Amino acid sequence: MYRVALTTPDDFDGWRAAARRLAMHGIDPADVVWQVEDDGGDLFGGGENLPPDRKDAAFSVPRAFVDLAEKAILHRDPERFALLYALLCRVRARAGAMEDKADPLLRRVDVLAKAVRRDMHKMRAFVRFREMADGDGERFVAWFEPEHHIVRANAGFFMRRFASMRWSILTPDISIHWDGEALTQGPGAQRGDAPDGDPVEDVWKGYYAAIFNPARLKTGAMMSEMPKKYWRNLPEAALIPDLIAGAQAREAAMIATAPLPVKAAAKRPGNAAAAWAALRDEAMRCTRCPLHRDATQTVFGEGPIDAPLVFIGEQPGDQEDMAGRPFVGPAGQLFDRALAQAGVDRSRAYVTNAVKHFKFERRGKRRLHQSPDAGEIEACRWWLGQEIDLIRPRIIVAMGASAARGMLGKAVTIGRVRGAPIALANGAEAWVTVHPSYLLRLPDEERRIEEQARFVEDLRVVGERLRALAGG
Ligand code: URA
């Protein structure tokens with residue numbers, strides 16, 4: 001029997017080094033016992049007895065296995081190390097083993113990895129810092145109870161996201177602390193060690209109440225996305241019962257004033273409304289490209305599901321990233337004014353972005369917009385394509401080069417394609433115009449006024465074309 005003692009419950013490097021040695025000597029998974037030193041029990045009576053390392057020998061495994069193993073190892077299941085070693089042996093013995101979705105071992109490991117990803121997502125979404133003063137000034141402290149050993153693996157996200165703050169995240173297993181330059185670790189803590197409320201909370205609660213959308217309220221989905229166990233750490237959770245109670249009345253008011261209620265779309269075969277809601281929920285967990293790591297959340301499209309007109313922007317900006325809705329910041333305000341001048345009703349259009357996560361570069365406390373690259377646009381076309389398939393608009397307007405690439409699947413020069421319809425394979429017409437942010441950035445006032453008028457004219461033409469297509 002071989003024995004492996006890992007230093008911590010998330011010791012992937014230790015597991016990998018030991019697994020490599022064992023696998024190179026062809027050691028059967030049934031002959032290995034895995035343990036974490038932290039766990040206390042002196043199962044082995046001290047030390048490991050691994051076979052010798054064969055550093056000279058080549059050893060390679062598919063990237064997909066490493067990605068899966070890095071996540072699954074963070075699960076609390078005590079069997080995870082052994083399961084992963086058994087899967088490693090299988091992957092080395094049989095090409096294509098990672099694609100064999102019917103394999104119960106692969107499926108079991110996949111379930112572990114999925115639970116870990118979900119827990120990491122929850123931590124990113126539900127950690128709420130409270131301000132407190134320590135000897136060195138202001139510090140933000142949060143309490144969180146993860147289900148799995150995800151805290152160290154998630155630390156990079158919080159370091160990047162809150163780079164200029166001093167913060168601590170306390171959990172029952174470990175605590176992590178950031179001083180603006182280095183991350184340190186300490187022992188686990190108790191809930192009472194974190195502060196319980198502060199002035200920042202009132203601002204946050206006001207903001208949450210303002211963005212709460214009654215029409216999107218699905219209590220079941222909300223409970224699964226935001227399980228009650230997290231509520232006690234969330235300042236906004238205190239508002240939820242009242243907001244739910246008032247939601248029906250607010251939703252009725254919204255439906256009464258909405259020109260194209262979702263109900264009409266729900267009559268379509270296959271129930272487009274439910275399909276759209278499921279798609280959006282799935283997109284909230286998207287990890288198709290690295291942008292999800294630093295963004296606050298996925299910003300999905302919004303508007304009537306049977307909208308005849310779809311607008312595509314580039315990606316959410318700083319304010320959209322916080323609010324979770326497209327085009328609500330400065331570019332959105334310019335867009336709204338231009339639509340009003342062109343006589344196009346935004347509430348009848350579906351508004352979305354080519355890329356659904358905010359890409360930025362941090363400069364001090366500011367997050368500066370960065371354009372998405374071709375790979376990020378391509379990764380996100382999967383969502384855009386599905387939104388368009390569900391909505392089946394007559395006209396799609398791409399605003400800016402990234403939006404045009406997302407819509408057409410290739411790069412175009414705006415000046416060449418602007419002002420004329422492009423026939424799409426799905427029967428819709430595509431139009432391309434500039435992005436509102438481009439207009440905001442033009443330094444010369446005269447030019448800006450001219451270009452804004454041109455943008456309004458593009459929108460007016462689209463509105464007219466839509467009326468013509470509708471026969472009215
Ligand atoms: N710019 C975009 O392209 N989309 C938004 O949602 C906001 C700004």
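The values are calculated or read from the model by the stated rules, or taken from the named source; none is laboratory data. Fair warning: this is a prediction, and the values are worked out from it, not measured in the lab. Cβ sites come from the backbone with ideal geometry, for glycine too, and all protein chains shown count toward neighbours.
The residues of segment 300-346 that are among the β-branched types (Val, Ile, Thr) and in contact (Cβ under 8 Å) with a residue 24 or more places away in the chain, listed by number, are Ile305, Val310, Ile312, Val344.
Per the listing Leu466, Leu459, the residue uniquely buried (at least 16 other Cβ atoms within 10 Å of the Cβ), within 16 Å of the ligand (Cβ to nearest atom) and either in the same structural domain as Val417 (by TED's automatic domain parsing) or of a type in the set (Val, Ile, Thr) (or both) is Leu459. Restricting Gly400, Gly409, Gly419 to those that are more than 16 Å from the ligand (Cβ to nearest atom) and within 22 Å of Val344 (Cβ to Cβ) reduces the list to Gly419.
The residues of segment 381-397 that are within 16 Å of the ligand (Cβ to nearest atom), in a helix (DSSP H, G or I) and surrounded by 20 or more Cβ atoms within 10 Å (Cβ to Cβ), listed by number, are Trp383, Leu384, Glu387. For segment 67-81, the set of residues classified as touching a residue at least 12 places away in the same chain (Cβ under 8 Å) and either farther than 16 Å from Thr7 by Cα or hydroxyl-bearing (Ser, Thr, Tyr) (or both) consists of Leu68, Ala69, Lys71, Ala72, Asp77, listed by residue number. Whether a residue is assigned to a helix (DSSP H, G or I) and within 25 Å of Met322 (Cβ to Cβ) was assessed, and Glu450 does not pass this test.
Considering every residue within segment 236-248, establish whether at least one is of a type in the set (Gly, Ala, Ser), modelled with pLDDT of 65 or more and within 15 Å of the chain's Cα centre (by Cα). No: segment 236-248 contains no residue that is of a type in the set (Gly, Ala, Ser), modelled with pLDDT of 65 or more and within 15 Å of the chain's Cα centre (by Cα). Between Met399, Met407, which is under 23 Å from Trp383 (Cα atoms) and touching a His at 6+ places or on another chain (Cβ under 7 Å)? Within the list Met399, Met407, the selection yields Met399. Taking the numbered list (1) buried (at least 19 other Cβ atoms within 10 Å of the Cβ); (2) outside the structural domain of Leu88 (by TED's automatic domain parsing) in turn, Gly137 passes all entries but (1).
The set of residues in segment 160-195 that are within 25 Å of the chain's Cα centre (by Cα), surrounded by fewer than 18 Cβ atoms within 10 Å (Cβ to Cβ) and within 21 Å of His148 (Cα to Cα) comprises His177, Leu183. When the criteria are applied in full, Ala354 fails the requirement of being farther than 30 Å from Met165 by Cα and free of Cβ contacts under 8 Å to residues at least 12 places away in the same chain.
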